[in-house]
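Colleague: Pasting in a structure now, in structure tokens, and then I'll have a few things to ask.
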Amino acid sequence: MSEDRARLERAMFRAVDQLALPLSVRAVQALAARTLALYDPPPDLPKVSVQDLTQQQLAALLALDAGEQLSETAARLWITERTVREHRRKLFAKLGVSTSGEALRRARQLGLVRVDAGLPLPGQRPTAALR
């Protein structure tokens, strides 16, 4: 088990202890396995790092992760919606995916965005769920 995987599993055990949930060790291990699957990229897909993305593609990815609509991203970045679509299209090609959901899952597997992310971007208003 890698150091990251062991650290995540320990963190999950601590979280369950703090919540005082009646979960068995087996249930926590199953939850850890499902969570860790987010980090394990399929072997047949290309490896992509932050250095492989342009600033615009990274901004489009972070906007997707934050749940921004196309028009919101365009207004915040001062570009057209068509340009945002183009950045997303190139991002999806690099990640080897075809939908926003697949792009986010793949980005989480590669560590491009954090699983616990989703906080508002600078200049963005928090959603009702975060208030």
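Colleague: Using a 1.4 angstrom probe and counting only protein chains, how large is the accessible area of residue 85 in Å², to 10?
Modeller: Residue 85 exposes around 130 Å² with every protein chain in place.
Colleague: Let me ask something else about it. Determine the gain in length on full extension of the stretch residue 86-residue 62; use 0.36 nm per residue of separation and subtract their C-alpha separation, reporting nm with one decimal.
Modeller: The residue 86-residue 62 span can extend by a further 7.1 nm.
Colleague: Taking the Cβ of residue 83 as the centre, find all other residues whose Cβ is under 12 Å away and add up their charges (Lys, Arg: +1; Asp, Glu: -1).
Modeller: Net of charged neighbours comes to +3.
Colleague: Taking 0.36 nm per intervening residue step and subtracting the Cα-Cα distance, what contour gain separates residue 78 from residue 99 on full extension?
Modeller: Here the segment from residue 78 to residue 99 would lengthen by 5.2 nm.
Colleague: Related question: 7 Å from Cα along Cα→Cβ at both residue 51 and residue 24: what's the point-to-point distance in nm?
Modeller: About 4.7 nm, to one decimal.
Colleague: Using a 1.4 angstrom probe and counting only protein chains, how large is the accessible area of residue 77 in Å², to 10?
Modeller: Surface accessible to solvent at residue 77 totals approximately 60 Å².
The values are calculated or read from the model by the stated rules, or taken from the named source; none is laboratory data. What you see is a predicted model, and the numbers here were worked out from it, not measured in a lab. Please note: Cβ atoms are built from the backbone with ideal geometry, for glycine as well, and neighbour counts cover all protein chains shown. Surface accessibility is based on the protein's heavy atoms, side chains included, excluding ligands, DNA and RNA. Shrake-Rupley method; radii C 1.70, N 1.55, O 1.52, S 1.80 Å.
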